[in-house]
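Report on the following structure.
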Amino acid sequence: MASISMAPVNIFKHGADEEKAETARLSSFIGAIAIGDLVKSTLGPKGMDKILLGGGREGSVTVTNDGATILKAVGVDNPAAKVLVDMSKVQDDEVGDGTTSVTVLAAELLREAELLIAQKIHPQIIISGWRKATQAAREALKEAAEDHGSDPERFQEDLLNIARTTLSSKLLTHHKDHFSKLAVEAVMRLKGSGNLEAIHVIKKLGSSLLDSYLDEGFLLDKKIGVNQPKRLENANILIANTGMDTDKIKVFGSRVRVDSTAKVAEIELAEKEKMKEKVERILKHGINCFINRQLIYNYPEQLFAAAGVMAIEHADFVGVERLALVTGGEITSTFDHPELVKLGHCKLIEEVMIGEDTLIHFSGVAMGEACTIVLRGATQQILDEAERSLHDALCVLAQTVKETRTVYGGGCSEMLMAKAVSELANRTPGKEAVAMESFAKALRMLPTIIADNAGYDSADLVAQLRAAHMENKTTFGLNMSQGIIGDMAELGITESFQVKRQVLLSAAEAAEMILRVDNIIKAAPRKRVPDHHPC
């Protein structure tokens with residue numbers, strides 16, 4: 001009889017790695033919970049900031065408490081942690097806010113799942129219970145949502161409250177009234193289109209955050225050419241992406257042999273003529289302002305000045321794209337058919353001073369909703385964080401204008417959903433009820449963490465809040481300025497329904513996905529092969 005070898009069979013390449021069953025699950029849970037713990041302390045109005053030091057010679061410094069920014073900067077190796085990082089990025093792209101909440105909720109769900117698996121409950125039973133719990137929480141959130149979209153005054157108040165709530169957990173919390181007005185005014189100018197491209201944010205060092213303001217029109221951080229008009233009324237603008245720097249010989253990789261320097265002068269003259277002809281073709285469009293993405297050399301600049309045309313060079317690609325959008329023009333590269341070119345228009349172009357810098361101001365642009373928010377601040381880090389905070393507020397407001405329903409913040413919605421899930425668990429027979437109860441517990445952890453971050457007694461506050469919700473005080477949440485529970489409707493702590501729903505669904509889906517894992521296979525690292533054919 002043939003003997004059977006008991007040695008384990010390895011089917012993978014040398015260097016590949018495999019983690020099975022409990023080890024794989026444990027590795028996933030530990031990675032995800034560690035990511036949750038990393039951003040947990042930034043949650044809520046009293047959350048702390050993190051300093052992110054970049055690699056490289058300069059070692060860039062970022063000070064932020066935005067979950068997505070922190071997670072983008074952290075290089076993670078754990079696959080489950082990567083899932084949470086990606087989920088946070090999607091939350092940032094989709095609704096702009098709730099990036100920390102979604103990561104913390106997913107991590108808390110997995111923390112609960114770890115305890116359930118230790119009690120020998122199968123992952124599929126946990127998932128089944130969680131799915132029913134998610135549905136119940138979603139229904140409870142839907143019922144609690146209020147819609148003031150048809151009442152402009154109350155909706156305006158809702159938008160201001162949402163902006164204040166969003167900014168209260170950011171750097172701008174001390175100036176939230178000022179910035180929430182700026183953000184609401186900018187979004188209301190969009191007239192429901194939600195096109196945030198029309199809102200341009202410019203950061204200028206100096207002065208204080210309170211000196212930031214909203215400017216109607218468009219600001220371009222560039223200079224007008226020498227000897228050209230510095231102010232234009234009723235401007236016809238040609239926006240181009242073309243080379244205007246060929247008045248000098250640029251012949252690469254070839255030789256030109258000439259008998260005398262006079263011949264070189266002839267070649268230069270031919271180049272000059274070519275450029276002159278190009279400028280004449282541009283001027284045939286009947287314009288008085290020419291904006292180019294690339295450089296404009298001295299000779300064409302001189303020609304434009306002689307024709308009384310304002311020429312602006314090196315307007316970076318984002319600037320050119322945005323200019324084309326707000327002035328109603330198109331970016332052009334060839335100039336043979338002026339009748340096919342769509343010009344941009346605006347009523348006035350002039351130079352303005354902000355701090356020590358001169359900028360070009362376009363007012364009365366074709367796209368009436370265009371505006372520029374000028375941010376001022378003491379350091380570059382403050383300006384960067386202010387821009388991130390404002391971007392979150394603008395995204396949330398733009399979403400709320402489309403989906404006008406709102407819910408209450410301050411842990412109120414989480415307690416409301418937890419109550420609905422607990423009630424469902426009480427009615428459900430079998431092990432699924434245990435999974436539902438764990439889902440409710442994870443939801444209650446969000447107000448607990450918010451209270452912990454403020455240094456209050458979270459156990460006492462959350463117990464009070466739970467009791468208040470049991471007495472059907474469904475608008476009660478945490479009042480973080482005084483460390484007590486309070487009525488969110490009176491305090492005006494409002495959040496977007498869209499953001500809350502996205503947090504719930506994304507966190508539940510990501511946690512479920514990680515919980516399903518029972519095997520992690522890592523590919524063998526690539527071997528370094530010496531290069532015998534250097535180019």
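Please give the helix 79-94 orientation as an angle from the longest Cα principal axis of the chain, in degrees from 0 to 90, rounded to the nearest 10.
Taking the Cα atoms of the chain, the angle to 79-94 is about 60 degrees.
Using θ = phi - 60° and the Karplus relation 6.51 cos²θ - 1.76 cosθ + 1.60, list the HN-Hα couplings for the range 113-129 in order, rounded to whole Hz, with x at every Gly or Pro.
For the range 113-129, the Karplus curve yields 4, 4, 5, 5, 5, 5, 8, 6, 8, 5, x, 5, 5, 4, 4, 4, x Hz.
So, with a 1.4 angstrom probe, what is the percent of accessible area on the range 282-398 that is carbon and sulfur?
Details: 2370 of 4710 Å².
Here carbon and sulfur together make up 50 percent of the probe-accessible area.
Among bridges DSSP assigns within the chain, what percent are antiparallel (round to 5)?
70
What do you get when you divide the Cα radius of gyration of the chain by 2.2 N^0.38 Å, with N the number of residues?
In units of the globular-protein estimate, the chain measures up at 1.25.
State the percentage of accessible surface on the range 168-240 attributable to carbon and sulfur atoms; use a 1.4 Å probe and exclude ligands, DNA and RNA.
Roughly 49 percent, rounded to a whole number.
Rank-order 205-213, 129-137, 408-416 by packing density, defined as the average count of other C-beta atoms within 10 Å over each peptide's residues, highest first. Provide the component values of the computation, followed by the final result.
On the way: 205-213: 15.1, 129-137: 22.6, 408-416: 27.7.
Ranked by mean Cβ neighbours within 10 Å, highest first: 408-416, 129-137, 205-213.
Can you pull the Rg over Rh of the range 452-494, Cα-only, Kirkwood?
The Rg/Rh ratio comes out at 0.96.
Can you tell me the dipole magnitude for the chain around its Cα centre, using point charges on the Cβ only (Lys, Arg +1; Asp, Glu -1), in Debye to the nearest 20?
Taking the Cα centre of the chain as origin, the dipole is about 1260 debye.
Counting only DSSP beta bridges with both residues in the range 189-339, what percent are antiparallel, rounded to the nearest 5? Numbers along the way, then the final one.
Details: 1 of 11 bridges.
Within the range 189-339, antiparallel bridges account for around 10 percent of the total.
Rank by packing, highest mean first: peptides 301-307, 285-291, 261-267, with packing defined as the count of other Cβ atoms within 10 Å averaged across residues.
Listed from highest to lowest mean packing, they are 285-291, 301-307, 261-267.
Listed highest first by mean packing, meaning other Cβ atoms within 10 Å per residue, what order do 347-359, 41-53 come in?
Numbers: 347-359: 14.9, 41-53: 17.4.
Ranked from most to least packed, the peptides come out as 41-53, 347-359.
P(r) tail for the range 231-338, what percent of Cα pairs lie past 25 Å?
Result for the distance tail: 27 percent.
Can you work out ³J(HN,Hα) from phi for every residue in the range 279-293, in order, using Karplus 6.51 cos²θ - 1.76 cosθ + 1.60 and θ = phi - 60°, giving whole Hz and x for Gly and Pro?
4, 5, 5, 5, 5, 5, 6, x, 10, 10, 8, 10, 10, 10, 6
Could you check the spin-label model distance between residue 17 and residue 353? Points 7 Å from the Cα along Cα→Cβ, value in nm.
6.1
Within the accessible area of the range 408-535, what % is carbon and sulfur when the probe is 1.4 Å and the other protein chains stay in place?
52
Using Cα positions and a limit of under 20 Å, work out the lysines in reach of residue 72, with same-chain residues fewer than 8 apart set aside.
40, 50, 82, 89, 170
Taking only protein heavy atoms into account and a 1.4 Å probe, give the accessible area per residue of the chain in Å².
Values: 26770 Å² over 535 residues.
Normalised by residue count, the accessible surface of the chain is 50 Å².
Under the rule of at least 5 residues apart or a separate chain, name every residue whose amide H is placed under 5 Å from the amide H of residue 495.
407, 408, 409
The values are calculated or read from the model by the stated rules, or taken from the named source; none is laboratory data. Since we're looking at a predicted model, the values are computed, not measured. Counting neighbours? That spans all protein chains shown, and the Cβs are built from the backbone with ideal geometry, glycine included. Note: areas computed on protein heavy atoms with side chains; ligands, DNA, RNA excluded. Shrake-Rupley method; radii C 1.70, N 1.55, O 1.52, S 1.80 Å.
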